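**Q** Submitted below is the structure of interest, expressed as structure tokens.
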Amino acid sequence: MEIINPFEVRGNWYKGNLHTHTQNSDGAFTPEETCMLYSKAGYSFLAITDHNRITKGVKASDDLLLIESCEIDVQGFHIVGIDMEDEFDKEGLTPQQVIDRMKQQDAIVILAHPYWSGLTSYELLQLEGYEGIEIYNHVCHRMRGKGYSSVHIDEVLQKGKRTFCFAVDDCHIESDIANGFIMVKSGKRAERDILTSIKKGNFYSSTGLFIKDIIIENTIIKVYCDPAETIDFIGYNATGERRSGEKPIEYAEYQIKGTERYIRIEITDRYGKKAWTNPVVYP
């Protein structure tokens, strides 16, 4: 049994957003204003992902780590490259070739808002090399009610492809800020450390609900969290279970059966706030 549990990793938790736009593409604020707003919102790191370009030379406050990145749209796919150094011409490239170009720079590659983009899980399965898929994109939820892509992720996982789950703002206006984020467990708030932790899956995603601890002992998964309406343990096909109660619950546990193929955890509170883990167990 393979366990990927960020709560067992030494370090601290850092809050960040990996999908943000400024006036350099279609955002409302300058890069400096955007950084100021995220710093005031208590974020530790931010990726500016303007469309088809890398926004460079931005001065952020000392308490906000800025990661140069970009979002490239090609043939219906929107592909986010985290930690990009050099721009490249997307003309004539396929989505896979865009991913390959990003990976040549050792970028973290995320497939953005597949539900909003009208993509199917079959199309996502044709691609290789990406680290994850956006399970929640706030601006897509705000504008079209198509912000959640959990079904895409489960279908990809059920076919045996490993992928991480990312919640993001996709910030364009001020009200987009602090609606979708990841919590990363890292030894320190430094770019290499944060990026390494993300690549290892040492993070969870949220729209405002926080996970306090996850303990995996033998074949029991124990989850502690903010008061929630439901705690779902999700696996292959009909495997997994839902935990709920007459009153909000802050703890649930699950007995691993061995037939799940993967187990990820999704938590929802009475106000609709959610938290998602990456798959924590591959039996």
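**Q** Could you tell me whether the stretch 54-63 includes any residue that is within 18 Å of the chain's Cα centre (by Cα), open to solvent by less than 30 Å² (accessible area, probe 1.4 Å) and within 21 Å of Ile198 (Cα to Cα)?
**A** No; the residues of the stretch 54-63 include none that is within 18 Å of the chain's Cα centre (by Cα), open to solvent by less than 30 Å² (accessible area, probe 1.4 Å) and within 21 Å of Ile198 (Cα to Cα).
**Q** Contact list please: Cβ distance under 9 Å, first residue in the stretch 140-161 and open to solvent by less than 80 Å² (accessible area, probe 1.4 Å) and part of a strand (DSSP E or B), second residue hydrophobic (A, V, I, L, M, F, W, C) and at pLDDT 95 or above, pairs at least six apart or on different chains.
**A** Once the first residue is open to solvent by less than 80 Å² (accessible area, probe 1.4 Å) and part of a strand (DSSP E or B) and sits in the stretch 140-161, its partners that are hydrophobic (A, V, I, L, M, F, W, C) and at pLDDT 95 or above give Tyr148/Ile135; Tyr148/Cys140.
**Q** Could you please find all residues in the stretch 19-43 being open to solvent by 20 Å² or more (accessible area, probe 1.4 Å) and in contact (Cβ under 8 Å) with a residue 24 or more places away in the chain?
**A** If the condition is that a residue be open to solvent by 20 Å² or more (accessible area, probe 1.4 Å) and in contact (Cβ under 8 Å) with a residue 24 or more places away in the chain, then Asn24, Ser25, Asp26, Ala28, Phe29, Glu32, Met36, Leu37, Ser39, Ala41, Gly42 are the ones that fit.
**Q** Listed residues Glu241, Glu229; which is assigned to a strand (DSSP E or B) and farther than 29 Å from Ser44 by Cβ?
**A** Details: Glu229 fails: farther than 29 Å from Ser44 by Cβ.
Criteria check complete, one pass: Glu241.
**Q** Output the residues belonging to the stretch 244-283 that are outside any strand (DSSP E or B), farther than 21 Å from Ala167 by Cβ and β-branched (Val, Ile, Thr).
**A** Ile256, Thr259 - these are the residues of the stretch 244-283 that are outside any strand (DSSP E or B), farther than 21 Å from Ala167 by Cβ and β-branched (Val, Ile, Thr).
**Q** Quick check: anything in the stretch 66-85 out of contact with any Gly (no Cβ under 9 Å at 6 or more places or on another chain), under 17 Å from Phe29 (Cβ atoms), surrounded by 14 or more Cβ atoms within 10 Å (Cβ to Cβ) and of a type in the set (A, V, I, L, M, F, W, C)?
**A** yes
**Q** Condition first: modelled with pLDDT of 95 or more, touching a helix residue (DSSP H, G or I) at 6+ places or on another chain (Cβ under 6 Å) and of a type in the set (A, V, I, L, M). Can you find one or more residues in the stretch 76-87 that meet it?
**A** yes
**Q** Between Lys212, Lys199, Lys222, Lys188, which is surrounded by fewer than 21 Cβ atoms within 10 Å (Cβ to Cβ), in a helix (DSSP H, G or I) and out of contact with any Gly (no Cβ under 6 Å at 6 or more places or on another chain)?
**A** None of the other options fit; the residue is Lys199.
**Q** Would you check if Gln105 is touching a residue at least 12 places away in the same chain (Cβ under 8 Å), over 20 Å from Glu134 (Cβ atoms) and surrounded by fewer than 21 Cβ atoms within 10 Å (Cβ to Cβ)?
**A** Considered against the rule, which asks whether it is touching a residue at least 12 places away in the same chain (Cβ under 8 Å), over 20 Å from Glu134 (Cβ atoms) and surrounded by fewer than 21 Cβ atoms within 10 Å (Cβ to Cβ), Gln105 comes out as yes.
**Q** Could you tell me whether Glu260 is open to solvent by 10 Å² or more (accessible area, probe 1.4 Å) and among the acidic types (Asp, Glu)?
**A** no
**Q** A follow-up question, please. Out of Leu66, Leu37, I need the residue that is hydrophobic (A, V, I, L, M, F, W, C) and in contact with an Asp or Glu (Cβ under 7 Å, 6 or more places away or on another chain). Which one?
**A** After ruling out the rest, the residue left standing is Leu37.
**Q** Given the condition of a type outside the set (Val, Ile, Thr), open to solvent by 70 Å² or more (accessible area, probe 1.4 Å) and out of contact with any Asp or Glu (no Cβ under 8 Å at 6 or more places or on another chain), answer yes or no: does some residue in the stretch 231-241 qualify?
**A** There is at least one residue in the stretch 231-241 that is of a type outside the set (Val, Ile, Thr), open to solvent by 70 Å² or more (accessible area, probe 1.4 Å) and out of contact with any Asp or Glu (no Cβ under 8 Å at 6 or more places or on another chain).
**Q** Among the residues that make up the stretch 99-108, is at least one of them modelled with pLDDT of 95 or more and over 30 Å from Val58 (Cβ atoms)?
**A** Checked against the condition, which is being modelled with pLDDT of 95 or more and over 30 Å from Val58 (Cβ atoms), the stretch 99-108 yields no hits at all.
**Q** Quick check: anything in the stretch 154-167 modelled with pLDDT of 95 or more, farther than 17 Å from Tyr130 by Cα and in contact with a strand residue (DSSP E or B) (Cβ under 9 Å, 6 or more places away or on another chain)?
**A** Within the stretch 154-167, not a single residue is modelled with pLDDT of 95 or more, farther than 17 Å from Tyr130 by Cα and in contact with a strand residue (DSSP E or B) (Cβ under 9 Å, 6 or more places away or on another chain).
The values are calculated or read from the model by the stated rules, or taken from the named source; none is laboratory data. Just so it is clear, the structure is predicted and the values come from calculations on it, not from any experiment. For neighbour counting, all protein chains shown are included, and Cβ atoms are generated from backbone atoms with ideal geometry for every residue, glycine included. Side chains are part of the model used for accessible areas, which takes the heavy atoms of the whole protein and leaves out ligands, DNA and RNA. Shrake-Rupley method; radii C 1.70, N 1.55, O 1.52, S 1.80 Å.
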